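Accompanying notes for the structure given below.
The values are calculated or read from the model by the stated rules, or taken from the named source; none is laboratory data. For clarity, every value in this text was computed on a predicted model and none was experimentally measured. As a convention, Cβ positions derive from the backbone with ideal geometry for all residues, glycine included, and neighbour counts pool all protein chains shown.
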Ligand code: PAF
């Protein structure tokens with residue numbers, strides 16, 4: 001494992017690499033991230049993990065300040081990977097000028113999380129564009145937990161970096177079903193079980209939809225939303241979309257995803273579950 005901080009050094013290290021697998025992260029690594037690094041390691045001998053808390057994707061300076069930062073622990077966790085390069089640049093290295101580039105993103109970037117976090121996906125794409133052109137990977141692995149991010153990155157990559165293959169890694173969960181996330185570290189241990197209620201309700205909705213013979217999902221979703229609210233959640237959205245592009249599903253669509261976002265104890269969590277109804281088309 002080797003760690004570099006500068007653009008000059010990462011360029012030098014990668015100049016002769018032809019098959020790079022890349023895992024972009026914002027650090028505070030957990031088993032979810034490591035599962036993505038495992039996918040990268042089995043795909044290529046040269047693996048790059050970036051650790052960079054990207055300010056352009058945060059809408060509030062408090063959220064950016066509170067984001068958990070554990071660089072030493074992150075480096076320790078990655079030590080077991082032999083051929084790994086950690087790229088850990090400073091903000092000045094990545095944004096020497098005050099970048100405010102506006103990307104033309106698909107309409108889905110303004111829906112779901114994009115509705116309550118305006119500019120968030122523009123910020124994600126800003127850093128992804130910079131990192132892709134620097135690292136020049138063949139394969140990039142993102143977690144499916146951030147399902148909307150994964151699809152927006154896939155759409156951007158298809159258009160702008162057609163040679164890069166974007167892979168979604170499965171969501172890793174704790175024993176209660178809570179999706180592993182850096183933000184979980186902001187909870188006290190005893191609050192984690194309540195934080196898993198979002199996942200439990202999403203699963204509950206999926207089970208009801210699968211066993212119900214009518215199409216009225218909105219009643220099922222409303223009931224679960226009210227239940228979560230009674231448990232102290234402030235729900236932003238719970239929606240069912242078509243899994244392949246997050247458009248509103250038509251009755252013939254069978255590969256679906258339920259996505260939810262909300263705040264519990266003032267900490268914002270998101271989750272999603274892919275599921276299938278009827279025969280896949
Ligand atoms: O998912 C994340 O951790 C971030 O959004 C990413 C993809 C590393 C971009 O900063």
(request) Note down all Cβ pairs under 7 Å where the first residue falls in the range 39-51 and is more than 12 Å from the ligand (Cβ to nearest atom), the second is assigned to a helix (DSSP H, G or I), and they're at least six residues apart or on different chains. (result) 47/37; 47/40; 47/41; 48/135
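If you scan the range 84-100, which residues turn out to be in contact with a helix residue (DSSP H, G or I) (Cβ under 9 Å, 6 or more places away or on another chain) and either without any contact (Cβ under 8 Å) to a residue 12 or more places away in the chain or surrounded by fewer than 12 Cβ atoms within 10 Å (Cβ to Cβ) (or both)? Steps first, answer last, please.
In the first step, residues of the range 84-100 are kept if they are in contact with a helix residue (DSSP H, G or I) (Cβ under 9 Å, 6 or more places away or on another chain); the result is 84-89, 91, 93-95, 99-100.
If the condition is that a residue be in contact with a helix residue (DSSP H, G or I) (Cβ under 9 Å, 6 or more places away or on another chain) and either without any contact (Cβ under 8 Å) to a residue 12 or more places away in the chain or surrounded by fewer than 12 Cβ atoms within 10 Å (Cβ to Cβ) (or both), then 100 is the only one that fits.
Suppose the filter is buried (at least 20 other Cβ atoms within 10 Å of the Cβ) and in contact with a helix residue (DSSP H, G or I) (Cβ under 8 Å, 6 or more places away or on another chain); does residue 114 pass it? Steps first, please.
Numbers: buried (at least 20 other Cβ atoms within 10 Å of the Cβ): no; in contact with a helix residue (DSSP H, G or I) (Cβ under 8 Å, 6 or more places away or on another chain): yes.
For residue 114, the condition - buried (at least 20 other Cβ atoms within 10 Å of the Cβ) and in contact with a helix residue (DSSP H, G or I) (Cβ under 8 Å, 6 or more places away or on another chain) - is not met.
Every residue, every condition in (1) away from the ligand (no atom under 16 Å from the Cβ); (2) assigned to a helix (DSSP H, G or I); (3) touching a residue at least 60 places away in the same chain (Cβ under 8 Å); (4) over 30 Å from residue 87 (Cβ atoms), yes or no:
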{"site": "128", "(1), (2), (3), (4)": "no, yes, yes, no"}
{"site": "133", "(1), (2), (3), (4)": "no, yes, no, no"}
{"site": "171", "(1), (2), (3), (4)": "no, no, yes, no"}
{"site": "185", "(1), (2), (3), (4)": "no, yes, yes, no"}
{"site": "193", "(1), (2), (3), (4)": "yes, yes, no, yes"}
{"site": "199", "(1), (2), (3), (4)": "yes, yes, yes, yes"}
(request) Scan the range 246-267 for residues that are touching a strand residue (DSSP E or B) at 6+ places or on another chain (Cβ under 7 Å) and part of a strand (DSSP E or B) and jot them down. (result) 255, 256, 257, 258, 259, 260, 261, 262, 263, 264
(message) I'd like to know if the range 132-155 contains one or more residues that are modelled with pLDDT of 95 or more, more than 17 Å from the chain's Cα centre (by Cα), loosely packed, with under 14 Cβ neighbours inside 10 Å and within 27 Å of residue 17 (Cα to Cα).
(response) yes
(request) Quickly run through the range 85-126 and pick out the residues that are farther than 20 Å from residue 27 by Cα, in contact with a strand residue (DSSP E or B) (Cβ under 7 Å, 6 or more places away or on another chain) and within 13 Å of the ligand (Cβ to nearest atom). (result) 113
(message) As an exercise: evaluate residue 230 against (1) more than 30 Å from residue 105 (Cβ to Cβ); (2) in contact with a helix residue (DSSP H, G or I) (Cβ under 9 Å, 6 or more places away or on another chain) and give the number of the one condition it does not meet.
(response) (2)
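Tell me, which strands (runs of 3 or more DSSP E) wholly within the range 1-90 include 1 or more residues that are under 17 Å from the mean Cα position of the chain (by Cα) and at pLDDT 95 or above?
Working: elements: 2-4, 20-25, 46-51, 84-87.
Counting at least 1 such residues, we get 20-25, 46-51.
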(message) On the basis of being away from the ligand (no atom under 16 Å from the Cβ) and either closer than 30 Å to residue 93 by Cα or assigned to a loop (DSSP other than H, G, I, E, B) (or both), does residue 163 make the cut?
(response) yes
(message) Considering only residues that are outside any helix (DSSP H, G or I) and within 14 Å of the ligand (Cβ to nearest atom), which ones fall in the range 135-160?
(response) 137, 140, 141, 142, 143, 144, 145, 146
(request) Filter the range 230-276 for residues that are more than 20 Å from the chain's Cα centre (by Cα), surrounded by 18 or more Cβ atoms within 10 Å (Cβ to Cβ) and more than 22 Å from residue 196 (Cα to Cα) and give the result. (result) 249, 253
